[in-house]
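Novice: Mind looking over this structure? Questions follow.
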Amino acid sequence: MNVRIDRNNAVTFVHLERQPLNDDVLKMLSQLPSTERLYLAATGITDDQLRTVGNIQGVKRLSLWSNPITDTGLAELSAMWSLEVLDVHDTAVTAAGLRTLRLLPRLKTLIVPAGIDAQSLADDFDRPDLQIIPRGANP
């Protein structure tokens, strides 16, 4: 685990990529409201566990690629008002699920599975400042 702490002893960065994630670790993360960058790629996080992640309000960058998550779990992130960058490539997330995030006011970058039509999704969001980047293998 890679963690960065600011001068006020607040955790601002947590990098758990490719490390097993359990409910105890999620509970610890939920008690770190100052976390701005949360990297949970390839941790095995599930839709049910995303409920805890969705309650961490200060997160600006969230990496969830290469996890068994779906649109159901993605909906748990719809109240993350600080979220600016979300990476969900190499997941089972669809364009329909991503549309549930349309109201996130600060979202600037979405990294999505390669099979998603980025232009169509961008049209649905109707946000000229939003960059949608398809990544990974086509299904």
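All of the numbers you see were taken from the coordinates with simple rules; none came from a lab. Small disclaimer: the values here were computed from a predicted structure and weren't measured. Virtual Cβ from ideal backbone geometry, glycine too; neighbours counted across all protein chains shown.
Novice: Projected onto the charge dipole of the chain (+1 at Lys/Arg Cβ, -1 at Asp/Glu Cβ, origin at the Cα centre), which of Val59, Ala92, Thr12 gives the Cα projection farthest towards the positive end?
Specialist: Among Val59, Ala92, Thr12, the one farthest towards the positive end of the dipole of the chain is Thr12.
Novice: Which of the peptides 37-43, 91-97, 27-33 is most tightly packed, and how do the rest follow, judged by the mean count of other Cβ atoms within 10 Å per residue? Spell out each step's value before the answer.
Specialist: Numbers: 37-43: 20.7, 91-97: 18.6, 27-33: 13.7.
Those peptides, ordered most packed to least, come out 37-43, 91-97, 27-33.
Novice: Pop out the ³J(HN,Hα) list for region 4-19 in order, Karplus 6.51 cos²θ - 1.76 cosθ + 1.60 with θ = phi - 60°, rounded to Hz; leave Gly and Pro as x.
Specialist: Taking θ as phi minus 60°, the curve returns 10, 10, 7, 5, 9, 6, 9, 6, 10, 8, 10, 10, 10, 3, 6, 10 Hz for region 4-19.
Novice: With +1 on each Lys and Arg Cβ and -1 on each Asp and Glu Cβ, how big is the dipole of the chain about its Cα centre, in debye rounded to the nearest 20?
Specialist: Values: 14 positive and 17 negative charges, 94 e Å.
The dipole magnitude comes to about 460 debye.
Novice: Checking a compactness column here: for region 88-139, what do you get for Rg(Cα) / (2.2 N^0.38 Å), N being the number of residues?
Specialist: Values: Rg = 10.1 Å, N = 52, 2.2 N^0.38 = 9.9 Å.
Ratio of Cα Rg to 2.2 N^0.38 Å: 1.03.
Novice: Please work out the C-alpha center-to-center distance from region 59-105 to region 1-30 and express it in whole Å.
Specialist: 19
Novice: Here's something else I'd like to know. So which residue, out of Asp71, Asp87, Asp126, gets the largest mean-square fluctuation from a GNM of the chain using Cα contacts under 10 Å as springs?
Specialist: In the Gaussian network model the winner is Asp126.
Novice: Also, I was wondering about something else. Per the Kirkwood treatment, what hydrodynamic radius in Å, one decimal, follows for region 1-45 from the mean inverse distance over all distinct Cα pairs?
Specialist: On the way: mean 1/r = 0.0934 Å⁻¹.
Evaluated on region 1-45, it is 10.7 Å.
Novice: Step by step: find N for the chain, compute 2.2 N^0.38 Å, then divide the Cα radius of gyration by it. What's the final number? Before the final figure, lay out the partial values.
Specialist: Values: Rg = 14.3 Å, N = 139, 2.2 N^0.38 = 14.3 Å.
My calculation over the Cα atoms of the chain gives 1.00.
Novice: While we're looking at this one, here's another question. Just the Kirkwood number for region 33-115, please: inverse of mean 1/r across all distinct Cα pairs, in Å, one decimal.
Specialist: Details: mean 1/r = 0.0818 Å⁻¹.
About 12.2 Å, per the Kirkwood formula over Cα pairs.
Novice: Where does the charge balance sit around Leu64 when Lys and Arg score +1, Asp and Glu -1, over other residues with C-beta under 12 Å from its C-beta?
Specialist: Details: positive: Arg61; negative: Glu17, Asp47, Glu76, Asp87, Asp90.
Net charge in that neighbourhood comes out at -4.
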